[in-house]
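What follows is a short report on a single structure.
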Amino acid sequence: MPARILIVDDEVGARTALATLLRREGFEVSEVGEGAAALAECASFHPDLILLDIVMPGMSGFEVCRRIKATPETRLTPVVLITGLSATEDRIQGINAGADDFLSKPIDFNELLARARSLLRLKEFTDELEHAEAVLFSLAQSIEARDPYTLGHCARLAEMSARLGQKVGVSGEQIRALRRGGIVHDIGKVAVPDAILLKPGPLSPEEIQIMRKHPVVGERICAPLRTFRLVLPIIRHHHERQDGSGYPDGLRGDEIPMTAAILQLADVYDSLTTDRPYRAALAPETALKIMEEETTRGWWHPALFEALRDMIRSGPPAASPAKPGPPAK
Ligand SMILES: [Fe+2]
């Protein structure tokens, strides 16, 4: 598959000449003359690289770049900003907008080719990583789909754990791990037979043993992925308890990674407040009451529980704009 390059420049002559040269090198090229069209083309053409002129009527190249980098689907797509000759100020603004590289006008085609190829190699690598993650996420979803009662649980959990993590001040990197952990924490259930996973009654001691292997199996499945480094402790320890009565390692108190304890509280709360084969969903306050008793019993982290209760009682987060709005006037 040839790599796809999107050229965004309001000067038709320069744009067309560049497109012709790049097509001759075997790239698939699309060209547009202004910012809004560039954003639309990102969504339909799915470029692997974007060459972006800064000075255009309407939305500037900086703004287009900022929006590309703020959109989850395109944030890893490399953007090369095309600047004027003496353009230190442009470069600083470009770096702030998230640009990956710069080219000065007039464009030296050989230099452009060298930079484009190097950025495309990098893009190929991040694509592969993303594909590996995507495979794990679909596996996690297919496991969730086996049990109709857990439908939507993972997505809610990802969201709630990330919010709780933010509330107690864990790092941005850990928040990202919590989002991924929410989706894949139970991926090890792939090794649990339906007869056990979907059994409506209580499990036998042997069945409990099989069920309790899922954190370790899950950790093993995700271990090869370097980007999952911070997710692994969440997967392995999401069933530990503060008093050491959890599994698989019987960790106590501070031995339990903070992120695992965060995800676990969100997991328990979400399970209590959704329908199960053996009971209807509990009201939020009833669920919190049960969790408070369990915290007193020594199961959950007291300060984290307080933070969760606070978060639930203060209601859902204010809607944040999913897409960037129009440029500031
Ligand atoms: Fe689990």
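The values are calculated or read from the model by the stated rules, or taken from the named source; none is laboratory data. Being a predicted model, the structure only gives us computed values, none of them experimental. Virtual Cβ from ideal backbone geometry, glycine too; neighbours counted across all protein chains shown.
Residues checked against (1) more than 21 Å from M311 (Cα to Cα); (2) in contact (Cβ under 8 Å) with a residue 12 or more places away in the chain; (3) of a type in the set (A, V, I, L, M); (4) surrounded by 13 or more Cβ atoms within 10 Å (Cβ to Cβ):
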| residue | (1), (2), (3), (4) |
| --- | --- |
| R146 | yes, yes, no, yes |
| C154 | no, yes, no, yes |
| L178 | no, yes, yes, yes |
| V184 | yes, yes, yes, yes |
| P202 | yes, no, no, no |
| P205 | yes, no, no, no |
| H214 | yes, yes, no, yes |
| I221 | yes, yes, yes, yes |
| F228 | yes, yes, no, yes |
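Consider K199 carefully, then state whether it is outside any helix (DSSP H, G or I), at pLDDT below 95 and either within 16 Å of the ligand (Cβ to nearest atom) or in contact with a strand residue (DSSP E or B) (Cβ under 7 Å, 6 or more places away or on another chain) (or both). Yes, satisfied.
The helices (runs of 4 or more DSSP H) found entirely in the stretch 32-136 that carry 2 or more residues being small (G, A, S) and closer than 26 Å to M1 by Cα are 35-45. In the stretch 66-81, the condition of being more than 29 Å from R176 (Cβ to Cβ) and modelled with pLDDT of 90 or more is met by no residue. Set side by side, the residues E89, E63 differ, and just one is surrounded by fewer than 20 Cβ atoms within 10 Å (Cβ to Cβ) and without any contact (Cβ under 8 Å) to a residue 60 or more places away in the chain, which is E89.
Of all residues in the stretch 82-102, those satisfying the criterion of being aliphatic (A, V, I, L, M) and in contact with a helix residue (DSSP H, G or I) (Cβ under 6 Å, 6 or more places away or on another chain) are A97, A99. Take the residues of the stretch 160-191 that are among the basic types (K, R) and farther than 22 Å from V135 by Cα: which is farthest from the ligand (Cβ to nearest atom)? Out of the qualifying residues, it is K167.
Residue count for the stretch 216-259 under the criterion of being more than 14 Å from the ligand (Cβ to nearest atom), among the hydroxyl-bearing types (S, T, Y) and assigned to a loop (DSSP other than H, G, I, E, B): the result is 1. Screening D194 with (1) free of Cβ contacts under 8 Å to residues at least 40 places away in the same chain; (2) among the charged types (D, E, K, R); (3) away from the ligand (no atom under 15 Å from the Cβ) gives one miss only, at (1). Within the stretch 262-273, can one find any residue that is aromatic (F, W, Y) and either modelled with pLDDT of 95 or more or surrounded by 14 or more Cβ atoms within 10 Å (Cβ to Cβ) (or both)? For the stretch 262-273, residues aromatic (F, W, Y) and either modelled with pLDDT of 95 or more or surrounded by 14 or more Cβ atoms within 10 Å (Cβ to Cβ) (or both): present. Here G26, G13 are screened, and the one residue that is out of contact with any Ser or Thr (no Cβ under 9 Å at 6 or more places or on another chain), of a type in the set (G, A, S) and not in a helix (DSSP H, G or I) is G26.
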